[in-house]
Structures are given as C-alpha cells and as structure tokens.
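Have a look at the structure below before the remarks.
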Amino acid sequence: MLPVARLPDNFIVELFANQRPGSVEGETFLADVVTTTDDGGHAKFSAVVDGSVPGGMPSNFTATTTSSDGATSELSQPVARPR
C-alpha cells in the first residue's frame, strides 16, 4: 500500500510476472487494474490473470503504480507465487 499526498486518489496498478526467484524486475506484463485510495492513502485491488505466462509458471510477482497526475512508483518488492 502506498501513501499519497492527495486523498483519495485513483491509481493504475500494473502487475508483472518474474521467472527468477527474488527477481525485482517487471519481466512479463500481466495486467493492469484501476483502484482508488481511501482517506488513509490505502487501496485494495484484485486481478485475475491468464495462467499462460511465457516461460512457464512465474516464481514471483511485482507491481508498479501510476497516480492520476502521472507519477509512477518504483517496482514493488517481489511477492512469491503461492505454491
């Protein structure tokens, strides 16, 4: 969850799959989701992505966000794929 200066705000969350364990990359784009923060600067989202990722099942996922004014975050820390 990312705190923002102007609340609430809309964000585009871009989700990526990574093949290498611990990789902090955006190797394969999976989907994007639009979400809105609450007054505390937090947002929830969910996404269903196609299971056919080039290169096979990813080991982890990363994300980046873009605010309504075009500011883009760094890639998130990797989240391991549930086994």
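Which condition from (1) more than 12 Å from the chain's Cα centre (by Cα); (2) modelled with pLDDT of 90 or more; (3) over 13 Å from V13 (Cα atoms) is the one that Q77 breaks? Q77 satisfies all of (1) more than 12 Å from the chain's Cα centre (by Cα); (2) modelled with pLDDT of 90 or more; (3) over 13 Å from V13 (Cα atoms) except (1). Screening F16, F29 for residues that are within 16 Å of L75 (Cβ to Cβ) and touching a Gly at 6+ places or on another chain (Cβ under 7 Å) leaves exactly one candidate, F16.
The values are calculated or read from the model by the stated rules, or taken from the named source; none is laboratory data. These numbers come from a predicted model, not from an experiment. Cβ: placed from backbone, ideal geometry, glycine included. Neighbour counts: every protein chain shown.
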